[in-house]
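Report on one structure; see the data block that follows.
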Amino acid sequence: MKRVLVREILQSDTSGFDVLVKGWVRTKRDSKGFSFLEVNDGSTIKNIQVVAEESMPGYDEVLKISTGCSVAVEGELVDSPGKGQKYEIKARSIHVYGWADSERYPLQKKNHTFEFLREIAHLRPRTNTFGAVLRVRNALSYAIHSFFQNKGFVYVHTPIITASDCEGAGEMFRVTTLDLKNVPIVNGDIDYEEDFFGKKAGLTVSGQLEGELLATALGNIYTFGPTFRAENSNTSRHLAEFWMVEPEMAFAELPDDISLAEEFLKYIFKYCIDTCPDDLEFFDMRIQKGLISSLEDIILSNFEIITYTEAVDILKKSGEKFEYPVEWGTDLQSEHERYITEKKFNKPVVVTDYPKDIKAFYMKLNDDGKTVRAMDVLVPRIGEIIGGSEREYRYDVLVDRMKNSGLNPEEYWWYLDIRRFGSVPHAGFGLGFERTVQYITGMQNIRDVIPFPRTPKSADF
RNA sequence: UCCCCUGUAGCUCAGUCGGUAGAGCAAGUGGCUGUUAACCACUGGGUCGCAAGUUCGAGUCUUGCCGGGGGAGCCA
């Protein structure tokens, strides 16, 4: 008989036919003469209840089944007389593929803390929460691709290993084949000419610069890949290895960028609501009350767009007591961003036109000479989810900005060439994929929305 | 990297004034004809994170190290 998925069974309009399901036992309850098994196969957060009666062949084996065992169950799908489920399987035979010694199997049929589950990351996908996280993660990935594909954006692959010494977005992990116990030295410095690439190389901290090169040929592009930051960040919002989405549009200015970000977020949220209703219901009930309606609110909302200068004004007039003072020219603190998006507007807020000194060199300088065409999208609960800008496409201005930022324009000759030949206004943004999963699921710690998180002092599994 | 909290049974935690280890759940055994975090009874289960120090005596006090959590910075 052909195996069917639990998701398909639960969607069936009728019962009374034979089925074969394969999955893992979540829990078992024994009574005199019969047992209830709950089997989950990962196709849905819901389990299928299996009833095994004493009279069935091999019942003495069934009695030995415990949480975690992998099984194949063949039997008739019947309407369940009990409460809590529509259907159940009246088992005719149960085959155990693999036992799970109940004295050693760490997952119990009780709530575990996320901290504990992180220590057994190889088993936590078998829990309700992580199964749901991973299904939402999958749906979100697909939504990202379908959004951009529907709009004709070209999915491009930017390098993971890069030899640009200073991309400027954060500390890089070094990539080397040098013998660390015997590093070649020339004039007191490491001789990178002997290294694999003949120069200092590292893992990418952003695909943006290369993305710009491709956008100024193909028009609209996006990247969706892994990104690495060697920052010693110990927070619930940072990973050393995470996934980032970076669209880049040629012939586009900041308002186009903002529109794209807003349309994009609404699309991917709606896609997840539509395709993962059971998982989101679980998150709404167990992780973050009101989650679904807050996502629906955002889909229907118009994002607030304010300038940095207006934001500073709002904060100064707020009457709130902030730990850090608000001063034009300094970066907004987490508490400030939270006030703006959570208290003042209670919806996503796009803050634009930041002072040039607190933003990256590649952002387009405004006519006032003081601010740049940057935008941060702030959302309630997690703060900055998107950072983007219109890029400086004027060659001379960009060279000046590089020099003022302490960068050597010669090392960016290829980046500057784009401005030298057929330069066009262009704009793009970066979206932290895991932060977005956090936002959609309500999960508080970013380490719990990626299967195997990499953080300082932690790279197990 | 900084500040605060924390580390005791498989898990979640309690442990008073320094006097030699407790609960709930889980697990094991038995019971129960429809369970839903099943229920009832009984049983087993400990390098108190690691190292040093103070003390007649340390889970408890002191110092150092390591891990975990929350917040900050950096950022996505």
Looking at segment A:374-396, is at least one residue more than 12 Å from RNA strand B (Cβ to nearest atom) and among the β-branched types (V, I, T)? no
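Would you confirm whether any residue within segment A:128-145 is aromatic (F, W, Y) and in a loop (DSSP other than H, G, I, E, B)?
The answer is no; no qualifying residue exists.
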Among the candidates A:F196, A:F148, single out the residue that is within 20 Å of A:L260 (Cα to Cα) and more than 13 Å from RNA strand B (Cβ to nearest atom). A:F148
For segment A:319-354, how many residues are surrounded by fewer than 21 Cβ atoms within 10 Å (Cβ to Cβ), assigned to a loop (DSSP other than H, G, I, E, B) and touching a residue at least 40 places away in the same chain (Cβ under 8 Å)? 2
Among (1) of a type in the set (G, A, S); (2) over 29 Å from A:D13 (Cα atoms); (3) under 40 Å from the mean Cα position of the chain (by Cα), where does A:G58 come up short? (3)
For residues in segment A:87-100 being open to solvent by less than 80 Å² (accessible area, probe 1.4 Å) and over 18 Å from A:L5 (Cα atoms), which is nearest to RNA strand B (Cβ to nearest atom)? A:A100
Residues (surrounded by fewer than 17 Cβ atoms within 10 Å (Cβ to Cβ), within 14 Å of RNA strand B (Cβ to nearest atom) and not in a strand (DSSP E or B)) located in segment A:13-45: A:S15, A:K32, A:G33
Among the residues of segment A:389-397, is there at least one that is touching a strand residue (DSSP E or B) at 6+ places or on another chain (Cβ under 8 Å) and under 30 Å from A:M443 (Cα atoms)? yes
Positions within segment A:386-421 being open to solvent by less than 40 Å² (accessible area, probe 1.4 Å), of a type in the set (G, A, S) and in contact (Cβ under 8 Å) with a residue 60 or more places away in the chain, in sequence order: A:G388, A:S389
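Tell me the residue from A:F283, A:F303, A:F264 that is crowded, with 18+ Cβ neighbours inside 10 Å, aromatic (F, W, Y) and within 13 Å of RNA strand B (Cβ to nearest atom), please.
None of the others qualify; the one that does is A:F264.
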Residues to consider are A:A201, A:A215; find the one that is within 30 Å of A:G422 (Cβ to Cβ) and free of Cβ contacts under 8 Å to residues at least 60 places away in the same chain. A:A201
Answer with yes or no whether A:D274 is out of contact with any Gly (no Cβ under 8 Å at 6 or more places or on another chain), free of Cβ contacts under 8 Å to residues at least 40 places away in the same chain and farther than 30 Å from A:I446 by Cα. no
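One line per residue, one yes/no per condition, for (1) over 36 Å from the mean Cα position of the chain (by Cα); (2) hydrophobic (A, V, I, L, M, F, W, C); (3) more than 30 Å from A:P453 (Cα to Cα):
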site: A:S15; (1), (2), (3): yes, no, yes
site: A:E38; (1), (2), (3): no, no, no
site: A:Q49; (1), (2), (3): no, no, yes
site: A:F114; (1), (2), (3): no, yes, no
Would you confirm whether or not segment A:313-326 contains a residue that is at pLDDT 90 or above, within 30 Å of A:I45 (Cβ to Cβ) and of a type in the set (K, R)? no
Which of (1) open to solvent by 10 Å² or more (accessible area, probe 1.4 Å); (2) free of Cβ contacts under 8 Å to residues at least 60 places away in the same chain is the odd one out, the single condition A:A311 does not satisfy? (1)
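Yes or no, residue by residue, for (1) among the polar types (S, T, N, Q); (2) over 16 Å from A:Y97 (Cα atoms); (3) free of Cβ contacts under 8 Å to residues at least 60 places away in the same chain:
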{"residue": "A:V4", "(1), (2), (3)": "no, yes, yes"}
{"residue": "A:G16", "(1), (2), (3)": "no, yes, no"}
{"residue": "A:R29", "(1), (2), (3)": "no, yes, yes"}
{"residue": "A:F36", "(1), (2), (3)": "no, yes, yes"}
{"residue": "A:D41", "(1), (2), (3)": "no, no, yes"}
{"residue": "A:I45", "(1), (2), (3)": "no, yes, no"}
Tell me, which helices (runs of 4 or more DSSP H) wholly within segment A:392-461 include 2 or more residues that are under 20 Å from A:G207 (Cα atoms) and under 19 Å from the mean Cα position of the chain (by Cα)? A:433-441
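Out of all the residues in segment A:49-75, which are open to solvent by 50 Å² or more (accessible area, probe 1.4 Å) and more than 11 Å from RNA strand B (Cβ to nearest atom)?
Listed by number, the residues that qualify are A:P57, A:D60, A:E61, A:E74.
Could you please give the count of residues in segment A:215-236 that are within 25 Å of A:Y142 (Cβ to Cβ) and buried (at least 18 other Cβ atoms within 10 Å of the Cβ)?
8
The values are calculated or read from the model by the stated rules, or taken from the named source; none is laboratory data. Source: prediction; values computed, not measured. Positions of Cβ are generated from backbone atoms using ideal geometry, with glycine treated the same way; all protein chains shown enter the neighbour counts. For the accessible areas, the whole protein counts, side chains as well, though only heavy atoms, and no ligand, DNA or RNA atoms are used. Shrake-Rupley method; radii C 1.70, N 1.55, O 1.52, S 1.80 Å.
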